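The values are calculated or read from the model by the stated rules, or taken from the named source; none is laboratory data. Everything numeric in this text was worked out from a predicted model, so none of it was measured. Here the Cβ positions follow ideal geometry from the backbone for every residue, glycine too, while neighbour counts run over all protein chains shown.
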Number of protein chains: 6
Amino acid sequence: MVYVTRKTHFNASHRLHNHEKSDEWNRKTFGKCNYPNWHGHNYVLEVTVRGIPDPDTGYVIDLGILKEIMKRRIVDKCDHRNLNLDVDFLKGIIPSTENLVKQFYHELLDEIKAHASDGSELYSVRLFETERNFAEYRP
Amino acid sequence: MVYVTRKTHFNASHRLHNHEKSDEWNRKTFGKCNYPNWHGHNYVLEVTVRGIPDPDTGYVIDLGILKEIMKRRIVDKCDHRNLNLDVDFLKGIIPSTENLVKQFYHELLDEIKAHASDGSELYSVRLFETERNFAEYRP
Amino acid sequence: MVYVTRKTHFNASHRLHNHEKSDEWNRKTFGKCNYPNWHGHNYVLEVTVRGIPDPDTGYVIDLGILKEIMKRRIVDKCDHRNLNLDVDFLKGIIPSTENLVKQFYHELLDEIKAHASDGSELYSVRLFETERNFAEYRP
Amino acid sequence: MVYVTRKTHFNASHRLHNHEKSDEWNRKTFGKCNYPNWHGHNYVLEVTVRGIPDPDTGYVIDLGILKEIMKRRIVDKCDHRNLNLDVDFLKGIIPSTENLVKQFYHELLDEIKAHASDGSELYSVRLFETERNFAEYRP
Amino acid sequence: MVYVTRKTHFNASHRLHNHEKSDEWNRKTFGKCNYPNWHGHNYVLEVTVRGIPDPDTGYVIDLGILKEIMKRRIVDKCDHRNLNLDVDFLKGIIPSTENLVKQFYHELLDEIKAHASDGSELYSVRLFETERNFAEYRP
Amino acid sequence: MVYVTRKTHFNASHRLHNHEKSDEWNRKTFGKCNYPNWHGHNYVLEVTVRGIPDPDTGYVIDLGILKEIMKRRIVDKCDHRNLNLDVDFLKGIIPSTENLVKQFYHELLDEIKAHASDGSELYSVRLFETERNFAEYRP
């Protein structure tokens, strides 16, 4: 099996806040990640597809196509945006890195399947919130 | 001459907007950096002090002290904050990387002078907004 | 399943030497890693926890708590220390990167379990001795 | 189980071209990767060996030996070379990153097995074509 | 004075060869950089503009415009190309990193001057051939 | 003027201690950098030569020769060594990063001058003790 990965990035603002809980609970639970006027990150996104290279091209997936899917489905919607307010597929989600990778995975799954070589599919989505913190969704 | 540099980081939100201009001018001039709901960055800050090492310590400046000055004067005020709304010494400043390095320089100048070895002083402040964009103030 | 990772670092000295073998065996086996006056590294430590995000917080584990556990159990004991002489849980261990990750894993296991979300647990410990050499323990 | 990884690099030229297809098919399929006068990359190669550390050395494999195997079998043959024209074990292969990692894996398998500790073996070969694109072979 | 830098990259093939000298001289002088079938690099390009931020925008130069100039004048001509054969402004130049930065500087000088704030201008061009080798032109 | 830089690395142990002062003064001044059993770093060394490229080669200095000088004069003496005890040209020097770059500069000056193109010379020596701390000597 071969695993191919494409890396990209976007810059966004967010805030951790659970609307079903009190302000006090949120401040205590999330600390400075709950500050009211938002903060932000240079997110780095890595998407990995697993499969067998197509014998004609040597590709598990054309990385130019994967780049375009990642741009259209994730980057164009999140870049320079507020992850709590601006992104359709994140409505109602607390934008922790854990929750983001899960949502991104489901945004990408079908379209990657349709463009990968026979038998290949999305394997994992990894998101770096900072160089020191990252999460990966791999079902 | 020896130049010593200490690197740190903070995560903040911001937006480029000139309040003396129309919304249309702002949208046209700043593009996605003007989006209304903020975006953010993992800022990386490098502060360089130039001078002669103290013969007793071999230090131009104790990097533990420099780290503490950078933390108290810059990081504690900017980290997980909104650079347009939350930082006292940035009030009224358009938070471009160019303007930020100039403000940071003046925040740090006197206190670094007071703690560096004889004849040593702040040389430059460099700020990475992303891995691909950075500014340096070096008067 | 979601995997969350926290990265930190410490600077330490060490030397590869097996006290049950002759000096000649040690010199031949470990080469420059056996030099008598120690050498050292900027170690980079990555700890990964696997589980289901808590629905209230979106966290597999609060990374602030994970950071604190890693600091107290590993970094405070190893940073600016000699890994052969100074660290209680490494006594009698040849401090190869392989052996270090295994010891670190067992130092962290229970306390991470106690603080992670339901059903979550320590997944792996990865240690970079240099940018070119690293080991991972993943039972 | 412990996984140890050694990282190295080489600089090479290549071009994606399937000789069984027309020039038009190649241009359409591979785009700028098919440009006739070659292009090139600073390839970064990571080789991971999995096993149980030897009790006498603390090593899954002596990384000095692994480095020498990687140099002799891969780097000396590929560095400053043309991957389509100059490398014996790549003859007839379209040098996509996917195909390269598979060939590298088979070049390294037996010799690593012979030098690793009892029960240890090659686990994966990862190759970065750029910082943004990489492939891993892990059977 | 503020210095702003924009970083980008391209992948190209090249070979060091002086056509006015013998093949033997070239082999002896350039070693593996003279191998006949080309080799290549992931070049990283950093362009720095020095000046006074415009009071309306906070910009020394709009980095979006600088990015577009770098793309049109350098990246579009060099990416996935052969630096000895394919680039108009490099004809007859031995493509050492030293020579490349000088040519790139002169390609960029006037157009950057035309788009920077009053009194601002191109300060330096830096090119990384690898992570370990780079050159800077700064007249 | 063109500036060319070559980067390399070595791993060493050290300790900050001034033998002319009391143990108490040393503990208070240097803190954990004074711990008795040494600590260590993965040092990264960057050497920059400034000059005019030779018209026959396009080189300010042959980076293969610069690499060999850096290896013989610095790396072979410092790698896997104790900077307080093992290095001839560091005897009696407190091995702060500031002091190291000055000593390295004087070790390299004449030999680089002898091998660079006409009119070229050593410009600066930069040493990273960690990714967060570095010093540069540039007379």
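Answer with yes or no whether C:GLY58 is at positive phi, at pLDDT below 95 and either in contact with an Asp or Glu (Cβ under 8 Å, 6 or more places away or on another chain) or not basic (Lys, Arg) (or both).
no
Quick one: in segment A:127-139, of everything that is part of a strand (DSSP E or B) and of a type in the set (D, E, K, R), which residue is farthest from the other protein chains (Cβ to nearest Cβ)?
Out of the qualifying residues, it is A:GLU129.
If you go through segment E:27-47 one residue at a time, how many are crowded, with 20+ Cβ neighbours inside 10 Å and either polar (S, T, N, Q) or without any contact (Cβ under 8 Å) to a residue 12 or more places away in the chain (or both)?
Counting residues in segment E:27-47 that are crowded, with 20+ Cβ neighbours inside 10 Å and either polar (S, T, N, Q) or without any contact (Cβ under 8 Å) to a residue 12 or more places away in the chain (or both) gives 1.
If the requirement is being charged (D, E, K, R), closer than 30 Å to C:ARG27 by Cβ and touching an Asp or Glu at 6+ places or on another chain (Cβ under 8 Å), which of these qualifies: D:ARG72, D:ARG50?
The match here is D:ARG50.
Is it the case that D:SER124 is more than 14 Å from chain A (Cβ to nearest Cβ), under 22 Å from D:PRO53 (Cα atoms) and not in a helix (DSSP H, G or I)?
Spelling it out, it is not the case that D:SER124 is more than 14 Å from chain A (Cβ to nearest Cβ), under 22 Å from D:PRO53 (Cα atoms) and not in a helix (DSSP H, G or I).
D:ASP56: at the interface with another protein chain (Cβ under 9 Å from one of its Cβ atoms), surrounded by fewer than 21 Cβ atoms within 10 Å (Cβ to Cβ) and either among the charged types (D, E, K, R) or in contact (Cβ under 8 Å) with a residue 40 or more places away in the chain (or both), yes or no?
Against the criterion (at the interface with another protein chain (Cβ under 9 Å from one of its Cβ atoms), surrounded by fewer than 21 Cβ atoms within 10 Å (Cβ to Cβ) and either among the charged types (D, E, K, R) or in contact (Cβ under 8 Å) with a residue 40 or more places away in the chain (or both)), D:ASP56 qualifies.
In this structure, is C:LEU16 buried (at least 20 other Cβ atoms within 10 Å of the Cβ) and part of a helix (DSSP H, G or I)?
In short, no.
Of all residues in segment A:75-92 being out of contact with any Asp or Glu (no Cβ under 8 Å at 6 or more places or on another chain) and away from every other protein chain (no Cβ under 11 Å), which is surrounded by the most Cβ atoms within 10 Å (Cβ to Cβ)?
Checking each candidate, the answer is A:LEU90.
Of a type in the set (Lys, Arg), in contact (Cβ under 8 Å) with a residue 12 or more places away in the chain, in a helix (DSSP H, G or I) and over 20 Å from A:THR57 (Cβ atoms), is that true of D:LYS71?
So D:LYS71 fits the description; yes.
Search segment F:93-104 for residues that are at the interface with another protein chain (Cβ under 7 Å from one of its Cβ atoms) and assigned to a loop (DSSP other than H, G, I, E, B) and pair each with any residue that is buried (at least 22 other Cβ atoms within 10 Å of the Cβ) and aromatic (Phe, Trp, Tyr) when their beta-carbon atoms are under 7 Å apart and the residues are at least 6 apart or on different chains.
Filtered contacts from segment F:93-104: F:SER96/B:TYR59.
Listed here are the residues, each with its yes/no results for (1) within 14 Å of the chain's Cα centre (by Cα); (2) among the β-branched types (Val, Ile, Thr); (3) more than 30 Å from E:GLU20 (Cα to Cα).
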| residue | (1), (2), (3) |
| --- | --- |
| E:ILE69 | yes, yes, yes |
| E:HIS80 | no, no, no |
| E:PHE89 | yes, no, no |
| E:THR97 | yes, yes, no |
| E:LYS102 | yes, no, no |
| E:HIS106 | yes, no, no |
| E:GLU111 | no, no, yes |
| E:SER120 | no, no, yes |
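Considering only segment E:26-42, state which residues are more than 9 Å from every other protein chain (Cβ to nearest Cβ) and more than 20 Å from D:PHE10 (Cα to Cα).
E:ASN26, E:LYS28
Would you tally the residues in segment F:19-57 being aromatic (Phe, Trp, Tyr) and assigned to a loop (DSSP other than H, G, I, E, B)?
2
Taking A:THR48 as the residue in question, decide whether it is within 13 Å of chain D (Cβ to nearest Cβ), of a type in the set (S, T, N, Q) and within 12 Å of the chain's Cα centre (by Cα).
Against the criterion (within 13 Å of chain D (Cβ to nearest Cβ), of a type in the set (S, T, N, Q) and within 12 Å of the chain's Cα centre (by Cα)), A:THR48 qualifies.
Can you tell me which of (1) over 20 Å from E:GLY58 (Cβ atoms); (2) within 8 Å of another protein chain (Cβ to nearest Cβ); (3) part of a helix (DSSP H, G or I) is the one B:LYS113 doesn't meet?
(2)
Confirm whether D:ALA116 is modelled with pLDDT of 95 or more and small (Gly, Ala, Ser).
Taking the combined requirement at face value, the residue does not satisfy it.
Test D:LEU66 against the criterion of being more than 27 Å from E:PHE30 (Cβ to Cβ), at pLDDT 95 or above, more than 9 Å from every other protein chain (Cβ to nearest Cβ) and touching a helix residue (DSSP H, G or I) at 6+ places or on another chain (Cβ under 9 Å), and give yes or no.
Working: more than 27 Å from E:PHE30 (Cβ to Cβ): yes; at pLDDT 95 or above: yes; more than 9 Å from every other protein chain (Cβ to nearest Cβ): yes; touching a helix residue (DSSP H, G or I) at 6+ places or on another chain (Cβ under 9 Å): yes.
Yes: the conditions hold for D:LEU66.
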